[in-house]
Amino acid sequence: MTAMSVSNAAFTANPLDILEEIVSANNWLFDRSSCDEMIVEVSGRWCDYRLFFFWHDDVSAMQFSCQFDLKVPSARRAAVWELLAMINEKLWLGHFDIDSDDGAPMFRHTTLLRGAHGATVEQLEDLVDVALSECERFYPAFQFCIWGGKSPPEAVSAAILDTVAEA
């Protein structure tokens, strides 16, 4: 990446320009509808994910969400809200939420870049990697709770079983 000379300390480069290069290098489908918005389609182990990136130049912040290809029926919303609270306690970056319009679970995070003069490739790669990893990690919990009839504690427990020894 080319180094830039910056005279205004409040200026932050648009991270979507870097993200477009990352997405292209991974051969992921994307649509950049404007200089401030990008949507990316990624196939995961459990489902397809839709990544939304919104750059807010006025506050030098990038809002990011990774939406599951899954809908929460209204009858299971209360259980899933409880599940979200349990899952979010286990995260160190971002949080899970449910889209109020279509009921799809999503991972969300906002990155503040004021004074940083832009995001690095590594920061953006890590952001996408963490989001996809957490979505893959907790997708089974959503499935167990929504379609398997498991309680939120049972769903989280079953989804994050860690192996102790090698077989």
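The values are calculated or read from the model by the stated rules, or taken from the named source; none is laboratory data. Just so it is clear, the structure is predicted and the values come from calculations on it, not from any experiment. We place every Cβ from the backbone using ideal geometry, glycine too, and count neighbours over all the protein chains shown.
Tabulated data
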item	result
Residue list for the stretch 48-60, filter: surrounded by 15 or more Cβ atoms within 10 Å (Cβ to Cβ) and out of contact with any Gly (no Cβ under 8 Å at 6 or more places or on another chain)	TYR49, ARG50, LEU51, PHE52, PHE53, PHE54, TRP55
Filtered residue count, the stretch 22-79, keeping only those that are farther than 30 Å from PRO153 by Cβ, of a type in the set (Asp, Glu) and at pLDDT below 90	2
Criterion violated by PHE52 - all others in (1) aromatic (Phe, Trp, Tyr); (2) in contact with a helix residue (DSSP H, G or I) (Cβ under 8 Å, 6 or more places away or on another chain); (3) closer than 23 Å to LEU84 by Cα satisfied	(2)
Search result, residues across the stretch 127-167 that are at pLDDT below 85 and either on the phi > 0 side of the Ramachandran plot or of a type in the set (S, T, N, Q) (or both)	THR163
Cβ-Cβ under 8 Å pairs, at least 6 apart or on other chains, the stretch 141-161 side free of Cβ contacts under 8 Å to residues at least 60 places away in the same chain, far side among the β-branched types (Val, Ile, Thr) and part of a helix (DSSP H, G or I)	ALA141/ILE87; ALA141/VAL156
Among (1) out of contact with any His (no Cβ under 7 Å at 6 or more places or on another chain); (2) surrounded by 14 or more Cβ atoms within 10 Å (Cβ to Cβ), the one test that ARG108 misses	(1)
THR2 being surrounded by 17 or more Cβ atoms within 10 Å (Cβ to Cβ), of a type in the set (Ser, Thr, Tyr), modelled with pLDDT under 90 and over 17 Å from the mean Cα position of the chain (by Cα)	no
Number of the exception - THR110 against (1) among the hydroxyl-bearing types (Ser, Thr, Tyr); (2) within 30 Å of ALA13 (Cβ to Cβ); (3) in contact with a helix residue (DSSP H, G or I) (Cβ under 9 Å, 6 or more places away or on another chain)	(3)
Positions within the stretch 116-147 being loosely packed, with under 14 Cβ neighbours inside 10 Å and assigned to a loop (DSSP other than H, G, I, E, B), in sequence order	THR120, TRP147
